[in-house]
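Some notes on the structure that comes next.
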Amino acid sequence: GSGKGEKRHAAFLARSKELAQRLGKPPRYISGHGGSIEECALRGIHLLFSLVHQDDANLSRFGSDVVQTLYDVSSVAPDPIRQWALERVEPLALRWKARFRRLADLAEEPTAGCRPDEVVEAVMGLYALERVGLEHQSLKQEVASYVRVKKFASKDFAQFDLDKPQALLAAKHSEDKHATLTSALNTAFFASKVGISLGGLTLPSVLGHLRSLRPYKLPGAPGLADDQEWIDQITMVFNFVHVVSNFGELRLRRRLVPLEAAFLCDPANMNQALKKKDVHLVGELCHCLRVLGFCPSDSPQLEEGLQFLLEAQRPKDGSWPTRDGDAEPYTRYHAAMCATMALYEPVFRGFAPASRDLKALLEKWAKKDAEKRGQHGLEKEAQLEAASDAGLGDGCPGALAAVEPLYGGGDASEGWRGAVGRGEGRLVALLRWRHEICQHATPDDFKRSLKAKAAKAPKAEGGSMAGAGRSSEAARQRSLALAQRAAANNQGGEATEGGPRKRPRVDDEDEDEGEDSAEGPHAADPAGQVEGNDEDLDDLL
């Protein structure tokens, strides 16, 4: 009966609060005076969780935002940051689900029904729950039915008519055009992920109006009404990067968003954010630079921003200064969220965007923009992209040194550099490295095994060392010839000895597409992209 259900619900809430109290304790090994990036990130996560588990009002106001943030951190952060976020995200998500069991629970005036913005709040909460792996079918069905019954149109959620060109500039609140588009971007993203139609609102239809707000203006540039317009503009670009990359889960190639990448990379933006000592802007900018493939070693802006965030954190409670000293709980959450997600180096789960239609749209725009800038712009973008993607062996130089001779005859020749620049050559190198190095603990073990194999090789007649040397050299030449044939087969699909070989299914720009790139086996196993069994792979290599 309903009485038993209410008792179970009350017992569940009591257990959830008890668990939250246990998880709300800060980690013991964290010092109270500054610390490393890891310690600062853990303090930030502790603050995010504490803001909502200690206050039911905050849970109601922005609990779903904290759930999404904790999951976004746990999806790409290294341990122990990942573990610290994962332990807290599910209990918090369960509490939010128990708090909002019906759509009316989100309405300010339940008897009057939900406004479009309250419907969006429900959609955002559903998205956060589904990211964690929880279902809320009753609320989801109620939201979808409510939108249909009320006959909401897309402009009710976007706040401007998506079907009319330049409609954003002619909207009622045209002075807040950047903030309006930012809200529409997030709403369309959440609705598409949850699978609820909000009057036909789609992400491509919203993105179509982004071009009307270009070109982007740097701080102090002519045409900016005031400093707030620059803040709204760069915040809009931040959110564009977020929705395209699944909020930092996927690596976004700069060639797909050349104008946004060039704008965010301009030092004037970071300089202005640091001058204002705005943690929100510095954190978001650092996070977007990481999503675009930068690291502190090759981006002075990112390095300066991270140093500012480390120094600005208050070690006592893990908080950061808010914009204009705003003490509102949500503002404190937003500052901590922006800073925490910028601190750690993400381990991406694939390449953005997560939609084929969206990728086709971005490629179309990038092609048009490149034609305007000319061939010089194209070459510069290719060099930048190659520089970021060539960080293939940063963590295992010894292992990749073992496969380098396959492409250059033993030295870093032009053939080797050219192969690295192509998807086919890079994949073959990765497969070769994985096939050999995974059988041994370290690159040093791999080298020792090569010496052991050479020592066990059969000697030539008469036991002459010269014969053994010739045999070893012949084996090396055969290996090089086989690798060169494999590389040639990759480039042109030509036949080699023994008949035509299978060509790997490789497209460097199209691999790791969409949700498959974030969750499928290929994201963790490059070898999974080659058709055939292990014997075929050995033969290819």
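The values are calculated or read from the model by the stated rules, or taken from the named source; none is laboratory data. If you're wondering where the values come from, they're calculated on a predicted model, not measured in any experiment. No Cβ is skipped: glycine too gets one built from the backbone with ideal geometry, and neighbour counts run over all protein chains shown. Heads up: the accessible areas ignore ligands, DNA and RNA and are worked out on the full protein's heavy atoms, side chains in. Shrake-Rupley method; radii C 1.70, N 1.55, O 1.52, S 1.80 Å.
Go through the stretch 113-159 and count every residue that is among the aliphatic types (A, V, I, L, M), under 15 Å from LYS193 (Cβ atoms), open to solvent by 20 Å² or more (accessible area, probe 1.4 Å) and without any contact (Cβ under 8 Å) to a residue 60 or more places away in the chain.
2
Return the residue satisfying two criteria in turn: it lies in the stretch 211-260 and is closer than 20 Å to GLN166 by Cβ and of a type in the set (Ser, Thr, Tyr), and of such residues it is surrounded by the most Cβ atoms within 10 Å (Cβ to Cβ).
TYR216
Which residue pairs have Cβ atoms closer than 7 Å, lie 6 or more positions apart in sequence or on different chains, and pair a first residue in the stretch 227-245 that is of a type in the set (Gly, Ala, Ser) with a second residue that is surrounded by 22 or more Cβ atoms within 10 Å (Cβ to Cβ)?
SER245/LEU252; SER245/VAL291; SER245/ALA352
Please go through the stretch 353-370 and pick out each residue that is open to solvent by 40 Å² or more (accessible area, probe 1.4 Å) and more than 12 Å from ARG253 (Cα to Cα). Break it down into steps so the answer makes sense when it comes.
Initially, the stretch 353-370 is screened for residues open to solvent by 40 Å² or more (accessible area, probe 1.4 Å), giving 355-357, 360, 363-364, 367-368.
Passing the criteria: SER355, ARG356, ASP357, ALA360, LYS364, LYS367, LYS368.
Considering only residues that are of a type in the set (Gly, Ala, Ser) and open to solvent by 10 Å² or more (accessible area, probe 1.4 Å), look in the stretch 280-298 and name the one that is modelled with the lowest pLDDT.
SER297
I'd like to verify a number: residues in the stretch 258-278 that are closer than 14 Å to ILE234 by Cβ and in contact (Cβ under 8 Å) with a residue 60 or more places away in the chain, how many?
Final tally of qualifying residues: 1.
Look at the stretch 302-328 and say how many of its residues are crowded, with 23+ Cβ neighbours inside 10 Å and of a type in the set (S, T, N, Q).
1
Return yes when PRO110 is crowded, with 16+ Cβ neighbours inside 10 Å, farther than 22 Å from SER36 by Cα and modelled with pLDDT under 90 and no when it is not. Can you show your working first?
Values: crowded, with 16+ Cβ neighbours inside 10 Å: no; farther than 22 Å from SER36 by Cα: yes; modelled with pLDDT under 90: yes.
No.
Which residues, taken from the stretch 179-200, are hydrophobic (A, V, I, L, M, F, W, C) and under 14 Å from HIS242 (Cβ atoms)? I'd like the intermediate steps shown before the answer.
Kept after step one, since they are hydrophobic (A, V, I, L, M, F, W, C), are these residues of the stretch 179-200: 179, 181, 184-185, 188-191, 194, 196, 198.
Within the stretch 179-200, LEU181, ALA184, LEU185, ALA188, PHE189, PHE190 qualify.
Filter the stretch 32-74 down to the residues that are among the hydroxyl-bearing types (Ser, Thr, Tyr) and out of contact with any helix residue (DSSP H, G or I) (no Cβ under 8 Å at 6 or more places or on another chain) and list them by number.
SER36, SER50
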